[in-house]
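Asker: Please read through the structure below; I'll follow up with questions.
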Amino acid sequence: FMQRGLDSQTKKQLEEEEKKIISEEHWYLDVPDLKEKESCIIEERSFLPCEDLVYGRMSFKGFNPEIEKLMIQMNSKCKKEEVEVDDKMEADVSDEEMARRYETLVGTIGKKFLRKRDQRVLKDDDEDGEDDEDQNSKTIPTKKAKKMFLKPQD
Amino acid sequence: AGGGAYWVDSQQKRYVPVKGDHVIGIVTAKAGDMFKLDVGGSEPASLSYLAFEGATKRNRPNVQVGDLIYGQFLVANKDMEPEMVCIDSSGKSSGMGIIGQDGFLFKVSLGLIRKLLAPKCEIIQELSQLYPFELVLGMNGRIWVKAKTVQQTLIIVNILEASEYMTAEQRKQALAKLSGN
């Protein structure tokens with residue numbers, strides 16, 4: 001069959017003949033292909049997913065603590081969805097309290113970062129020191145003078 | 001679960017191995033590296049000694065003939081011998097493995113097992129109020145019970161066996177008598 005002296009033409013003819021034979025066979029293969037359809041039915045032989053059965057190993061009243069832990073673990077896999085919903089309700093601090101805390105928190109932490117001069121002002125404001133205002137006005141400019149750059153006198 | 005699923009519920013006593021089912025098996029033979037387990041099916045299941053949590057070639061599990069094993073089926077079809085393992089897909093034992101000493105093993109119908117395994121099963125809830133005990137339910141119809149005394153164990157066994165045919169009222173009467181004692 002594999003002769004050395006085959007001309008290219010005869011080779012081509014042989015190939016074409018082979019292809020014809022194969023394509024004729026292909027005709028027969030096409031028909032079964034059309035009939036094959038993917039079935040939408042999945043067969044499941046176990047009862048486990050059907051009736052949502054629980055885990056088979058159980059312990060009661062502390063007989064075997066490891067298995068009791070396992071029971072909680074296994075059964076919580078089913079109830080994960082419920083737990084997620086409950087999380088919103090179970091927050092330790094209610095939303096209102098959080099808001100109130102934040103208000104005061106911002107004030108107290110903000111004070112920390114004020115400069116000393118400003119802190120004094122805040123303090124005096126809180127203490128209702130009307131009499132002290134004059135003193136303040138004296139002290140503040142002096143402080144200001146201190147903090148400003150003093151030009152070296154030649 | 002059960003979204004578009006249809007199943008036929010029938011009463012049967014003979015178990016057919018199904019992949020993924022948790023069952024109680026009895027070790028009948030040790031053949032080199034494999035154990036033969038009787039699971040109540042048409043042929044014994046095989047269990048490799050490496051299919052336990054933390055088992056290596058040097059660290060072999062201590063399994064003797066006559067031991068009880070709680071495991072799940074890795075392979076179970078009608079053409080091949082069923083194969084069991086005592087670890088799950090992540091390599092953890094999660095409660096599977098050799099069931100300890102003492103306790104009592106008995107056989108019930110498959111329908112009762114499914115009833116007992118239903119979520120929020122009344123029988124189990126009522127029994128759990130009685131005394132502390134441990135319970136292993138195999139899908140092959142086998143139940144293993146262990147309580148503090150032999151008497152308590154036998155009481156639980158009798159209630160479980162009888163609850164197949166008792167009505168709920170009869171059961172509650174029987175339990176009321178027991179808790180009264």
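Asker: Give me the distance in nm between label points sitting 7 Å out from Cα along the Cα-to-Cβ direction at B:ALA168 and B:VAL150, one decimal.
Answerer: So the label points at B:ALA168 and B:VAL150 sit 3.6 nm apart.
Asker: Between 0 and 90 degrees, rounded to the nearest ten: what's the tilt of helix B:168-180 against the longest Cα principal axis of chain B?
Answerer: Once rounded, one gets 80 degrees.
Asker: When B:PHE35, B:PHE104 are ordered from fewest to most other Cβ atoms inside 10 Å of their Cβ, what list results? Each step should come with its number before you reach the end.
Answerer: On the way: B:PHE35 25, B:PHE104 14.
Exposure proxy ranking, most exposed first: B:PHE104, B:PHE35.
Asker: Quick one: length gained pulling B:LYS19 to B:ALA5 fully straight, 0.36 nm per residue minus the C-alpha distance?
Answerer: Details: separation 14, 0.36 × 14 = 5.04 nm, distance 1.80 nm.
The span from B:LYS19 to B:ALA5 would gain 3.2 nm if fully extended.
Asker: From the square roots a ≥ b ≥ c of the eigenvalues of the alpha-carbon gyration tensor of region B:104-179, which class results: rounded (a/c under 1.5), prolate (a/b over b/c), or oblate?
Answerer: Numbers: a/c = 1.58, a/b = 1.11, b/c = 1.42.
Verdict is oblate for region B:104-179.
Asker: While we're on this one: Distances over 19 Å make up what percent of all Cα-Cα pairs in chain B?
Answerer: Values: 10086 of 16290 pairs.
Summing the P(r) tail past 19 Å for chain B gives 62 percent.
Asker: Be a star and scan region B:41-56 for residues whose amide nitrogen sits under 15 Å from the point 7 Å along the Cα-to-Cβ vector of B:THR28.
Answerer: B:41-47
Asker: So for B:SER94, B:SER48, A:SER76, B:SER89, fewest C-beta neighbours within 10 Å to most, what's the order?
Answerer: Details: B:SER94 18, B:SER48 15, A:SER76 11, B:SER89 8.
Final ranking by Cβ density, sparse to dense: B:SER89, A:SER76, B:SER48, B:SER94.
Asker: In which sequence would B:SER46, A:SER46, B:SER163, B:SER90 go, from the one with the fewest C-beta neighbours within 10 Å to the one with the most? Spell out each step's value before the answer.
Answerer: Numbers: B:SER46 18, A:SER46 15, B:SER163 23, B:SER90 6.
Taking fewest neighbouring Cβ atoms as first place, the list is B:SER90, A:SER46, B:SER46, B:SER163.
Every number here is computed from the coordinates shown, using simple stated rules; none is lab data. As the structure is a computational prediction, the values presented were derived from the model and not from experiment. For neighbour counting, all protein chains shown are included, and Cβ atoms are generated from backbone atoms with ideal geometry for every residue, glycine included.
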